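The structure under discussion appears below in the form of C-alpha coordinates.
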Amino acid sequence: MLMKPLDALGNVLGNQILVRLKNGMEMRGKLKAFDIHLNIVLEDAEFTDGDVERKFKTLFLRGDMILFVS
Amino acid sequence: MLMKPLDALGNVLGNQILVRLKNGMEMRGKLKAFDIHLNIVLEDAEFTDGDVERKFKTLFLRGDMILFVS
Amino acid sequence: MLMKPLDALGNVLGNQILVRLKNGMEMRGKLKAFDIHLNIVLEDAEFTDGDVERKFKTLFLRGDMILFVS
Amino acid sequence: MLMKPLDALGNVLGNQILVRLKNGMEMRGKLKAFDIHLNIVLEDAEFTDGDVERKFKTLFLRGDMILFVS
Amino acid sequence: MLMKPLDALGNVLGNQILVRLKNGMEMRGKLKAFDIHLNIVLEDAEFTDGDVERKFKTLFLRGDMILFVS
Amino acid sequence: MLMKPLDALGNVLGNQILVRLKNGMEMRGKLKAFDIHLNIVLEDAEFTDGDVERKFKTLFLRGDMILFVS
Amino acid sequence: MLMKPLDALGNVLGNQILVRLKNGMEMRGKLKAFDIHLNIVLEDAEFTDGDVERKFKTLFLRGDMILFVS
(Lines give C-alpha, C1' and ligand atoms only; values in the text may rest on other atoms or scores of the structure.)
Protein backbone atom coordinates (compact mmCIF):
# COMPACT_ATOMS: atom_id res chain seq x y z
CA MET A 1 0.00 0.00 0.00
CA LEU A 2 2.62 2.54 1.12
CA MET A 3 4.61 3.87 -1.82
CA LYS A 4 7.35 6.45 -1.98
CA PRO A 5 7.38 8.89 -4.94
CA LEU A 6 10.65 7.55 -6.34
CA ASP A 7 9.09 4.08 -6.52
CA ALA A 8 6.90 5.50 -9.26
CA LEU A 9 10.05 6.07 -11.29
CA GLY A 10 11.39 2.64 -10.45
CA ASN A 11 8.18 1.18 -11.86
CA VAL A 12 8.81 2.67 -15.29
CA LEU A 13 12.52 1.85 -15.63
CA GLY A 14 13.05 0.74 -19.21
CA ASN A 15 9.77 2.31 -20.34
CA GLN A 16 9.14 5.34 -22.51
CA ILE A 17 8.65 8.44 -20.30
CA LEU A 18 7.95 12.14 -20.66
CA VAL A 19 10.06 14.64 -18.70
CA ARG A 20 8.92 18.23 -18.35
CA LEU A 21 11.61 20.72 -17.35
CA LYS A 22 11.16 23.89 -15.32
CA ASN A 23 11.94 25.97 -18.42
CA GLY A 24 9.00 24.40 -20.28
CA MET A 25 11.00 21.97 -22.45
CA GLU A 26 9.68 18.42 -22.68
CA MET A 27 11.79 15.40 -23.47
CA ARG A 28 10.78 11.88 -24.35
CA GLY A 29 12.89 8.76 -24.12
CA LYS A 30 13.37 5.44 -22.42
CA LEU A 31 14.20 5.72 -18.70
CA LYS A 32 17.55 4.03 -18.20
CA ALA A 33 18.53 5.28 -14.71
CA PHE A 34 17.65 7.78 -12.01
CA ASP A 35 18.88 8.69 -8.52
CA ILE A 36 17.52 10.45 -5.43
CA HIS A 37 18.47 13.85 -6.88
CA LEU A 38 16.17 12.99 -9.79
CA ASN A 39 19.13 12.94 -12.16
CA ILE A 40 17.85 10.90 -15.08
CA VAL A 41 19.37 9.06 -18.03
CA LEU A 42 17.19 8.77 -21.11
CA GLU A 43 17.88 6.46 -24.04
CA ASP A 44 16.82 7.59 -27.53
CA ALA A 45 15.84 10.96 -26.13
CA GLU A 46 13.91 13.41 -28.29
CA PHE A 47 12.85 16.99 -27.74
CA THR A 48 12.01 20.19 -29.58
CA ASP A 49 14.59 22.93 -29.11
CA GLY A 50 13.11 26.11 -30.53
CA ASP A 51 12.19 24.95 -34.06
CA VAL A 52 14.65 22.09 -34.14
CA GLU A 53 13.83 18.45 -33.46
CA ARG A 54 16.81 16.95 -31.63
CA LYS A 55 17.62 13.34 -30.85
CA PHE A 56 20.25 11.85 -28.58
CA LYS A 57 21.18 8.18 -28.11
CA THR A 58 21.91 8.82 -24.41
CA LEU A 59 20.97 11.91 -22.44
CA PHE A 60 21.97 12.71 -18.87
CA LEU A 61 19.48 15.16 -17.35
CA ARG A 62 20.30 17.11 -14.19
CA GLY A 63 17.53 16.49 -11.66
CA ASP A 64 17.10 20.00 -10.30
CA MET A 65 15.69 21.20 -13.61
CA ILE A 66 12.88 18.63 -13.71
CA LEU A 67 9.29 19.69 -13.08
CA PHE A 68 7.50 16.41 -13.61
CA VAL A 69 7.92 12.94 -15.04
CA SER A 70 5.20 10.77 -16.51
CA MET B 1 -3.26 18.00 19.25
CA LEU B 2 0.28 18.48 17.91
CA MET B 3 0.41 17.98 14.17
CA LYS B 4 3.28 18.29 11.72
CA PRO B 5 2.58 19.88 8.31
CA LEU B 6 3.36 16.66 6.43
CA ASP B 7 0.68 14.88 8.46
CA ALA B 8 -1.81 17.03 6.58
CA LEU B 9 -0.67 15.31 3.40
CA GLY B 10 -0.75 11.90 5.01
CA ASN B 11 -4.39 12.56 5.90
CA VAL B 12 -5.36 12.96 2.25
CA LEU B 13 -3.44 10.02 0.78
CA GLY B 14 -5.73 8.43 -1.79
CA ASN B 15 -7.91 11.52 -2.00
CA GLN B 16 -8.32 14.04 -4.79
CA ILE B 17 -5.97 17.02 -4.20
CA LEU B 18 -5.05 20.31 -5.81
CA VAL B 19 -1.38 21.20 -6.26
CA ARG B 20 -0.36 24.75 -7.07
CA LEU B 21 3.13 25.18 -8.53
CA LYS B 22 5.44 28.18 -8.12
CA ASN B 23 5.00 28.99 -11.83
CA GLY B 24 1.23 29.34 -11.37
CA MET B 25 0.21 25.97 -12.85
CA GLU B 26 -2.36 23.96 -10.91
CA MET B 27 -2.72 20.21 -11.11
CA ARG B 28 -5.46 17.96 -9.83
CA GLY B 29 -5.27 14.27 -9.13
CA LYS B 30 -5.38 11.53 -6.53
CA LEU B 31 -2.48 11.68 -4.07
CA LYS B 32 -0.65 8.36 -4.34
CA ALA B 33 2.62 9.13 -2.54
CA PHE B 34 4.75 11.94 -1.13
CA ASP B 35 8.04 12.29 0.71
CA ILE B 36 9.76 14.85 2.96
CA HIS B 37 11.02 16.77 -0.08
CA LEU B 38 7.36 17.20 -1.05
CA ASN B 39 7.90 15.08 -4.15
CA ILE B 40 4.40 13.92 -5.03
CA VAL B 41 2.87 11.21 -7.19
CA LEU B 42 -0.59 11.98 -8.59
CA GLU B 43 -2.88 9.43 -10.19
CA ASP B 44 -5.20 10.56 -13.01
CA ALA B 45 -3.55 13.96 -12.96
CA GLU B 46 -5.07 16.82 -14.94
CA PHE B 47 -3.89 20.34 -15.64
CA THR B 48 -4.17 23.14 -18.16
CA ASP B 49 -0.96 23.77 -20.08
CA GLY B 50 -1.42 27.03 -21.97
CA ASP B 51 -4.66 26.26 -23.89
CA VAL B 52 -4.31 22.51 -23.73
CA GLU B 53 -6.03 20.23 -21.23
CA ARG B 54 -3.58 17.45 -20.39
CA LYS B 55 -4.15 14.20 -18.51
CA PHE B 56 -1.67 11.70 -17.16
CA LYS B 57 -2.36 8.31 -15.57
CA THR B 58 0.61 8.77 -13.22
CA LEU B 59 2.51 11.99 -12.63
CA PHE B 60 5.67 12.40 -10.56
CA LEU B 61 6.00 16.02 -9.40
CA ARG B 62 9.28 17.40 -8.09
CA GLY B 63 8.67 18.89 -4.64
CA ASP B 64 10.73 22.05 -4.94
CA MET B 65 8.30 23.49 -7.51
CA ILE B 66 5.25 23.17 -5.26
CA LEU B 67 3.70 26.26 -3.71
CA PHE B 68 0.74 24.73 -1.93
CA VAL B 69 -1.36 21.59 -1.71
CA SER B 70 -5.00 21.40 -0.77
CA MET C 1 13.97 36.14 27.99
CA LEU C 2 15.74 34.24 25.19
CA MET C 3 13.37 33.38 22.38
CA LYS C 4 13.97 31.60 19.10
CA PRO C 5 12.13 32.89 15.99
CA LEU C 6 10.12 29.68 15.58
CA ASP C 7 8.77 30.15 19.12
CA ALA C 8 6.90 33.14 17.74
CA LEU C 9 5.01 30.75 15.48
CA GLY C 10 4.43 28.31 18.31
CA ASN C 11 2.80 31.13 20.25
CA VAL C 12 0.14 31.64 17.58
CA LEU C 13 -0.73 27.99 16.91
CA GLY C 14 -4.51 27.86 16.54
CA ASN C 15 -4.74 31.59 15.94
CA GLN C 16 -5.59 33.51 12.78
CA ILE C 17 -2.37 34.46 10.94
CA LEU C 18 -1.29 36.31 7.82
CA VAL C 19 1.29 34.72 5.52
CA ARG C 20 3.04 36.79 2.88
CA LEU C 21 4.68 34.83 0.08
CA LYS C 22 7.78 35.80 -1.89
CA ASN C 23 5.62 36.30 -5.01
CA GLY C 24 3.52 38.93 -3.22
CA MET C 25 0.48 36.74 -2.47
CA GLU C 26 -0.95 36.96 1.04
CA MET C 27 -2.95 34.22 2.69
CA ARG C 28 -5.00 34.27 5.86
CA GLY C 29 -6.08 31.34 7.95
CA LYS C 30 -5.77 29.56 11.27
CA LEU C 31 -2.27 28.17 11.93
CA LYS C 32 -2.66 24.42 12.41
CA ALA C 33 0.95 23.22 12.12
CA PHE C 34 4.44 24.28 11.10
CA ASP C 35 7.91 22.76 11.00
CA ILE C 36 11.51 23.96 10.93
CA HIS C 37 11.38 24.36 7.14
CA LEU C 38 8.52 26.83 7.73
CA ASN C 39 6.12 24.48 5.98
CA ILE C 40 2.73 25.62 7.27
CA VAL C 41 -0.78 24.20 7.41
CA LEU C 42 -3.60 26.74 7.42
CA GLU C 43 -7.22 25.97 8.26
CA ASP C 44 -9.96 27.95 6.50
CA ALA C 45 -7.35 29.62 4.34
CA GLU C 46 -8.31 32.57 2.14
CA PHE C 47 -6.41 34.52 -0.46
CA THR C 48 -6.88 36.61 -3.57
CA ASP C 49 -5.59 34.94 -6.73
CA GLY C 50 -5.62 37.57 -9.46
CA ASP C 51 -9.28 38.72 -9.29
CA VAL C 52 -10.59 35.58 -7.65
CA GLU C 53 -11.23 35.11 -3.95
CA ARG C 54 -10.29 31.54 -3.06
CA LYS C 55 -10.97 29.56 0.08
CA PHE C 56 -9.59 26.22 1.21
CA LYS C 57 -10.58 24.18 4.27
CA THR C 58 -6.98 22.98 4.67
CA LEU C 59 -3.94 24.40 2.91
CA PHE C 60 -0.41 23.03 3.03
CA LEU C 61 2.10 25.80 2.22
CA ARG C 62 5.68 25.03 1.26
CA GLY C 63 7.98 26.95 3.58
CA ASP C 64 10.56 28.13 1.09
CA MET C 65 8.04 30.45 -0.55
CA ILE C 66 7.20 32.31 2.66
CA LEU C 67 8.44 35.86 3.17
CA PHE C 68 6.87 36.66 6.51
CA VAL C 69 4.21 35.51 8.95
CA SER C 70 2.24 37.69 11.32
CA MET D 1 38.66 40.94 19.58
CA LEU D 2 37.37 38.05 17.42
CA MET D 3 33.70 38.49 16.60
CA LYS D 4 31.36 36.35 14.54
CA PRO D 5 28.81 38.12 12.30
CA LEU D 6 25.82 36.80 14.24
CA ASP D 7 27.24 38.38 17.39
CA ALA D 8 26.47 41.71 15.77
CA LEU D 9 22.80 40.73 15.85
CA GLY D 10 23.04 39.49 19.39
CA ASN D 11 24.36 42.92 20.38
CA VAL D 12 21.19 44.65 19.17
CA LEU D 13 18.61 42.23 20.61
CA GLY D 14 15.81 44.40 21.99
CA ASN D 15 16.90 47.41 19.94
CA GLN D 16 15.28 49.07 16.94
CA ILE D 17 16.74 47.64 13.71
CA LEU D 18 16.40 48.08 9.97
CA VAL D 19 16.05 44.99 7.76
CA ARG D 20 16.55 45.27 4.02
CA LEU D 21 15.11 42.40 1.97
CA LYS D 22 16.42 41.06 -1.32
CA ASN D 23 13.32 42.41 -3.10
CA GLY D 24 14.14 45.95 -1.96
CA MET D 25 11.59 46.18 0.89
CA GLU D 26 12.85 47.62 4.17
CA MET D 27 11.30 46.88 7.54
CA ARG D 28 11.85 48.52 10.89
CA GLY D 29 11.11 47.12 14.30
CA LYS D 30 12.52 45.91 17.57
CA LEU D 31 14.66 42.77 17.23
CA LYS D 32 13.06 40.11 19.43
CA ALA D 33 14.77 36.94 18.21
CA PHE D 34 16.98 35.53 15.45
CA ASP D 35 18.58 32.21 14.58
CA ILE D 36 21.47 30.93 12.49
CA HIS D 37 19.28 30.91 9.37
CA LEU D 38 18.80 34.64 9.94
CA ASN D 39 15.11 34.08 10.62
CA ILE D 40 14.11 37.18 12.56
CA VAL D 41 11.21 38.23 14.79
CA LEU D 42 10.44 41.94 14.86
CA GLU D 43 8.17 43.64 17.39
CA ASP D 44 6.15 46.68 16.28
CA ALA D 45 7.32 46.13 12.72
CA GLU D 46 6.64 48.80 10.10
CA PHE D 47 7.21 48.88 6.36
CA THR D 48 5.95 50.45 3.17
CA ASP D 49 4.18 48.01 0.87
CA GLY D 50 3.67 49.78 -2.43
CA ASP D 51 1.84 52.93 -1.27
CA VAL D 52 0.56 51.43 1.96
CA GLU D 53 2.15 51.89 5.37
CA ARG D 54 1.74 48.62 7.26
CA LYS D 55 2.32 47.82 10.91
CA PHE D 56 2.47 44.50 12.71
CA LYS D 57 2.73 43.84 16.44
CA THR D 58 4.88 40.75 15.75
CA LEU D 59 6.48 39.82 12.46
CA PHE D 60 8.33 36.60 11.67
CA LEU D 61 10.73 37.14 8.75
CA ARG D 62 12.22 34.24 6.81
CA GLY D 63 15.99 34.61 6.85
CA ASP D 64 16.75 33.67 3.25
CA MET D 65 15.07 36.85 2.00
CA ILE D 66 17.26 39.18 4.06
CA LEU D 67 19.95 41.27 2.37
CA PHE D 68 21.24 43.24 5.34
CA VAL D 69 20.42 44.22 8.90
CA SER D 70 21.47 47.40 10.64
CA MET E 1 21.33 -4.19 -15.28
CA LEU E 2 21.00 -1.52 -12.55
CA MET E 3 22.76 1.68 -13.53
CA LYS E 4 23.10 4.98 -11.72
CA PRO E 5 22.88 8.20 -13.80
CA LEU E 6 26.47 9.20 -13.08
CA ASP E 7 27.61 5.88 -14.55
CA ALA E 8 26.44 7.24 -17.89
CA LEU E 9 29.06 9.98 -17.54
CA GLY E 10 31.71 7.49 -16.44
CA ASN E 11 31.04 5.56 -19.65
CA VAL E 12 32.00 8.53 -21.82
CA LEU E 13 35.11 9.65 -19.95
CA GLY E 14 37.66 10.59 -22.60
CA ASN E 15 34.99 10.89 -25.29
CA GLN E 16 33.62 13.96 -27.06
CA ILE E 17 30.48 15.20 -25.24
CA LEU E 18 27.91 17.95 -25.54
CA VAL E 19 26.99 19.96 -22.45
CA ARG E 20 23.87 22.13 -22.45
CA LEU E 21 23.74 24.81 -19.76
CA LYS E 22 20.64 26.21 -18.06
CA ASN E 23 21.20 29.55 -19.82
CA GLY E 24 20.98 27.86 -23.23
CA MET E 25 24.71 27.78 -24.03
CA GLU E 26 26.09 24.51 -25.39
CA MET E 27 29.68 23.42 -25.09
CA ARG E 28 31.53 20.60 -26.79
CA GLY E 29 34.73 18.97 -25.69
CA LYS E 30 36.37 15.82 -24.43
CA LEU E 31 35.19 14.77 -20.95
CA LYS E 32 38.25 14.69 -18.72
CA ALA E 33 36.68 14.56 -15.24
CA PHE E 34 33.43 14.94 -13.35
CA ASP E 35 32.23 14.64 -9.76
CA ILE E 36 28.94 14.09 -7.91
CA HIS E 37 28.11 17.81 -8.11
CA LEU E 38 28.30 17.42 -11.89
CA ASN E 39 31.33 19.70 -12.01
CA ILE E 40 32.95 18.84 -15.31
CA VAL E 41 36.33 19.35 -16.95
CA LEU E 42 36.34 19.54 -20.73
CA GLU E 43 39.45 19.32 -22.90
CA ASP E 44 39.53 21.29 -26.18
CA ALA E 45 36.23 22.89 -25.27
CA GLU E 46 34.35 24.93 -27.87
CA PHE E 47 31.20 27.02 -27.66
CA THR E 48 29.46 29.96 -29.29
CA ASP E 49 29.33 33.03 -27.04
CA GLY E 50 26.98 35.51 -28.70
CA ASP E 51 28.57 35.75 -32.17
CA VAL E 52 31.99 34.62 -31.08
CA GLU E 53 33.37 31.11 -31.42
CA ARG E 54 35.53 30.43 -28.37
CA LYS E 55 37.95 27.60 -27.67
CA PHE E 56 39.66 26.57 -24.47
CA LYS E 57 42.32 23.90 -23.95
CA THR E 58 40.87 23.09 -20.51
CA LEU E 59 37.52 24.23 -19.18
CA PHE E 60 36.20 23.72 -15.65
CA LEU E 61 32.40 23.89 -15.65
CA ARG E 62 30.43 24.38 -12.45
CA GLY E 63 27.89 21.57 -12.16
CA ASP E 64 24.89 23.54 -10.96
CA MET E 65 24.60 25.32 -14.31
CA ILE E 66 24.33 22.13 -16.34
CA LEU E 67 21.00 21.11 -17.87
CA PHE E 68 22.02 17.98 -19.73
CA VAL E 69 25.03 16.09 -21.03
CA SER E 70 25.14 13.85 -24.05
CA MET F 1 52.26 28.65 0.44
CA LEU F 2 48.83 26.94 0.52
CA MET F 3 46.09 29.43 1.21
CA LYS F 4 42.34 28.96 1.52
CA PRO F 5 40.06 31.65 0.02
CA LEU F 6 38.63 32.66 3.40
CA ASP F 7 42.18 33.39 4.61
CA ALA F 8 42.14 36.28 2.17
CA LEU F 9 39.29 37.77 4.19
CA GLY F 10 41.05 37.05 7.48
CA ASN F 11 44.00 39.04 6.18
CA VAL F 12 41.90 42.19 5.79
CA LEU F 13 40.00 42.03 9.09
CA GLY F 14 39.87 45.59 10.40
CA ASN F 15 40.69 47.06 6.99
CA GLN F 16 38.54 49.01 4.58
CA ILE F 17 36.96 46.63 2.02
CA LEU F 18 34.67 46.76 -0.99
CA VAL F 19 31.77 44.31 -1.21
CA ARG F 20 29.98 43.80 -4.52
CA LEU F 21 26.54 42.20 -4.26
CA LYS F 22 24.86 39.98 -6.84
CA ASN F 23 22.30 42.72 -7.53
CA GLY F 24 25.08 45.13 -8.54
CA MET F 25 25.18 47.19 -5.32
CA GLU F 26 28.61 47.92 -3.88
CA MET F 27 29.28 48.66 -0.23
CA ARG F 28 32.37 49.98 1.46
CA GLY F 29 33.30 49.72 5.10
CA LYS F 30 35.69 48.28 7.61
CA LEU F 31 35.55 44.48 7.85
CA LYS F 32 34.64 43.61 11.44
CA ALA F 33 33.68 39.95 11.14
CA PHE F 34 32.89 37.19 8.65
CA ASP F 35 31.99 33.50 8.76
CA ILE F 36 32.11 30.50 6.43
CA HIS F 37 28.76 31.47 4.90
CA LEU F 38 30.41 34.75 3.91
CA ASN F 39 28.11 36.65 6.25
CA ILE F 40 29.95 39.91 6.84
CA VAL F 41 29.80 42.74 9.35
CA LEU F 42 30.94 46.14 8.11
CA GLU F 43 31.67 49.14 10.31
CA ASP F 44 30.97 52.63 8.93
CA ALA F 45 29.39 51.08 5.87
CA GLU F 46 28.52 53.29 2.90
CA PHE F 47 26.69 52.57 -0.33
CA THR F 48 24.62 54.22 -3.03
CA ASP F 49 20.99 53.13 -3.01
CA GLY F 50 19.43 54.47 -6.21
CA ASP F 51 20.29 58.19 -5.90
CA VAL F 52 20.71 58.15 -2.15
CA GLU F 53 24.01 57.91 -0.31
CA ARG F 54 23.46 55.82 2.80
CA LYS F 55 25.68 55.24 5.80
CA PHE F 56 25.41 52.76 8.63
CA LYS F 57 27.55 52.50 11.76
CA THR F 58 27.23 48.69 11.69
CA LEU F 59 25.93 46.61 8.80
CA PHE F 60 25.28 42.87 8.82
CA LEU F 61 25.38 41.52 5.26
CA ARG F 62 23.94 38.12 4.38
CA GLY F 63 26.65 36.10 2.66
CA ASP F 64 24.60 34.50 -0.10
CA MET F 65 24.11 37.88 -1.78
CA ILE F 66 27.83 38.60 -2.11
CA LEU F 67 29.53 38.41 -5.50
CA PHE F 68 33.04 39.49 -4.56
CA VAL F 69 35.05 41.17 -1.83
CA SER F 70 38.19 43.22 -2.29
CA MET G 1 44.54 8.59 -15.09
CA LEU G 2 41.55 9.34 -12.83
CA MET G 3 41.21 13.06 -12.20
CA LYS G 4 38.68 15.01 -10.17
CA PRO G 5 37.42 18.34 -11.59
CA LEU G 6 38.93 20.37 -8.75
CA ASP G 7 42.34 18.92 -9.61
CA ALA G 8 42.12 20.95 -12.80
CA LEU G 9 42.07 24.07 -10.64
CA GLY G 10 44.89 22.80 -8.48
CA ASN G 11 46.98 22.41 -11.64
CA VAL G 12 46.71 26.11 -12.45
CA LEU G 13 47.34 27.52 -8.96
CA GLY G 14 49.59 30.55 -9.43
CA ASN G 15 48.75 30.80 -13.13
CA GLN G 16 46.70 33.39 -15.00
CA ILE G 17 43.08 32.20 -15.31
CA LEU G 18 39.79 33.35 -16.78
CA VAL G 19 36.64 33.18 -14.66
CA ARG G 20 33.23 33.50 -16.30
CA LEU G 21 30.38 34.38 -13.94
CA LYS G 22 26.74 33.37 -14.29
CA ASN G 23 25.81 37.00 -14.98
CA GLY G 24 28.12 37.09 -18.00
CA MET G 25 31.01 39.00 -16.40
CA GLU G 26 34.50 37.65 -17.03
CA MET G 27 37.45 38.22 -14.76
CA ARG G 28 41.13 37.57 -15.30
CA GLY G 29 43.81 37.20 -12.69
CA LYS G 30 46.29 34.89 -11.07
CA LEU G 31 44.68 32.03 -9.13
CA LYS G 32 45.84 32.29 -5.54
CA ALA G 33 43.42 29.98 -3.75
CA PHE G 34 40.19 28.03 -4.17
CA ASP G 35 38.07 25.68 -2.07
CA ILE G 36 35.42 23.00 -2.64
CA HIS G 37 32.68 25.64 -2.87
CA LEU G 38 34.64 27.09 -5.81
CA ASN G 39 35.32 30.25 -3.82
CA ILE G 40 38.33 31.74 -5.56
CA VAL G 41 40.97 34.33 -4.77
CA LEU G 42 42.46 36.17 -7.74
CA GLU G 43 45.59 38.31 -7.62
CA ASP G 44 45.82 41.33 -9.95
CA ALA G 45 42.24 40.74 -11.02
CA GLU G 46 40.83 42.67 -13.99
CA PHE G 47 37.37 42.85 -15.46
CA THR G 48 35.08 45.11 -17.46
CA ASP G 49 32.18 46.47 -15.42
CA GLY G 50 29.80 48.12 -17.88
CA ASP G 51 32.17 50.55 -19.64
CA VAL G 52 34.69 50.67 -16.84
CA GLU G 53 37.90 48.67 -16.69
CA ARG G 54 38.47 47.72 -13.06
CA LYS G 55 41.54 46.26 -11.37
CA PHE G 56 41.95 44.79 -7.92
CA LYS G 57 45.15 43.64 -6.21
CA THR G 58 43.24 40.83 -4.46
CA LEU G 59 39.73 39.68 -5.27
CA PHE G 60 37.68 37.14 -3.33
CA LEU G 61 35.01 35.62 -5.59
CA ARG G 62 32.04 33.71 -4.19
CA GLY G 63 31.95 30.29 -5.81
CA ASP G 64 28.22 29.98 -6.43
CA MET G 65 28.36 32.74 -9.05
CA ILE G 66 30.97 31.02 -11.18
CA LEU G 67 30.00 29.45 -14.51
CA PHE G 68 33.39 28.26 -15.71
CA VAL G 69 37.10 28.65 -15.15
CA SER G 70 39.82 28.28 -17.73
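The values are calculated or read from the model by the stated rules, or taken from the named source; none is laboratory data. The structure displayed is predicted, hence computed values, not measured ones. Cβ: placed from backbone, ideal geometry, glycine included. Neighbour counts: every protein chain shown. Quick note on the areas: whole protein, heavy atoms, side chains included, nothing else; ligands and nucleic acids left out. Shrake-Rupley method; radii C 1.70, N 1.55, O 1.52, S 1.80 Å.
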Inset, instruction - Give the number of residues within the stretch E:1-52 that are within 22 Å of G:Asn23 (Cβ to Cβ) and acidic (Asp, Glu). - result: 3
Inset, instruction - Test B:Phe56 against the criterion of being free of Cβ contacts under 8 Å to residues at least 40 places away in the same chain, surrounded by 18 or more Cβ atoms within 10 Å (Cβ to Cβ), over 25 Å from A:Ile36 (Cβ atoms) and more than 10 Å from chain C (Cβ to nearest Cβ), and give yes or no. - result: no
Legend entry - Filter result (under 8 Å from the mean Cα position of the chain (by Cα), within 24 Å of D:Asp44 (Cα to Cα) and either open to solvent by less than 10 Å² (accessible area, probe 1.4 Å) or at the interface with chain B (Cβ under 10 Å from one of its Cβ atoms) (or both)) within the stretch C:26-41: C:Met27, C:Gly29, C:Leu31, C:Ile40
Inset, instruction - Name every residue in the stretch B:32-56 that is in contact with a Gly (Cβ under 7 Å, 6 or more places away or on another chain) and within 22 Å of A:Gly63 (Cα to Cα), in order of residue number. - result: B:His37, B:Leu38, B:Asn39, B:Ile40, B:Leu42, B:Glu43, B:Ala45
Inset, instruction - Using the structure shown, decide if E:Asn23 is open to solvent by 20 Å² or more (accessible area, probe 1.4 Å) and closer than 18 Å to A:Lys57 by Cβ. - result: no
Inset, instruction - Keeping to the stretch D:23-53, report how many residues are in contact with a Ser or Thr (Cβ under 7 Å, 6 or more places away or on another chain) and touching a residue at least 40 places away in the same chain (Cβ under 8 Å). - result: 0
Inset, instruction - Just one of (1) more than 9 Å from chain B (Cβ to nearest Cβ); (2) modelled with pLDDT of 95 or more trips up C:Gly50, so point out which. - result: (2)
Inset, instruction - Quickly run through the stretch G:1-20 and pick out the residues that are open to solvent by 40 Å² or more (accessible area, probe 1.4 Å) and among the charged types (D, E, K, R). - result: G:Lys4, G:Asp7
Inset, instruction - Tally the residues that are in contact with a Lys or Arg (Cβ under 6 Å, 6 or more places away or on another chain) and either assigned to a loop (DSSP other than H, G, I, E, B) or at the interface with another protein chain (Cβ under 9 Å from one of its Cβ atoms) (or both), restricting the search to the stretch G:14-25. - result: 1
Inset, instruction - Considering only residues that are under 19 Å from D:Gly10 (Cβ atoms) and buried (at least 19 other Cβ atoms within 10 Å of the Cβ), look in the stretch F:42-53 and name the one that is nearest to the chain's Cα centre (by Cα). - result: F:Leu42
Inset, instruction - Identify all residues within the stretch C:27-53 that are under 19 Å from B:Leu38 (Cα atoms) and not polar (S, T, N, Q); write none if there are none. - result: C:Lys32, C:Ala33, C:Phe34, C:Asp35, C:Ile36, C:His37, C:Leu38, C:Ile40, C:Val41, C:Leu42
Legend entry - Single residue of the stretch A:59-70 satisfying the filter (without any contact (Cβ under 8 Å) to a residue 60 or more places away in the chain and more than 12 Å from chain E (Cβ to nearest Cβ)) that is surrounded by the most Cβ atoms within 10 Å (Cβ to Cβ): A:Phe68
Legend entry - Inter-residue pairs, beta-carbon under 6 Å, first of a type in the set (Lys, Arg) and in the stretch F:2-21, second assigned to a strand (DSSP E or B) and surrounded by 14 or more Cβ atoms within 10 Å (Cβ to Cβ), 6+ apart: F:Lys4/G:Ala33; F:Arg20/F:Glu26; F:Arg20/F:Leu67; F:Arg20/F:Phe68
Legend entry - Residue check for F:Lys55: at pLDDT 95 or above and touching a Leu at 6+ places or on another chain (Cβ under 7 Å): no
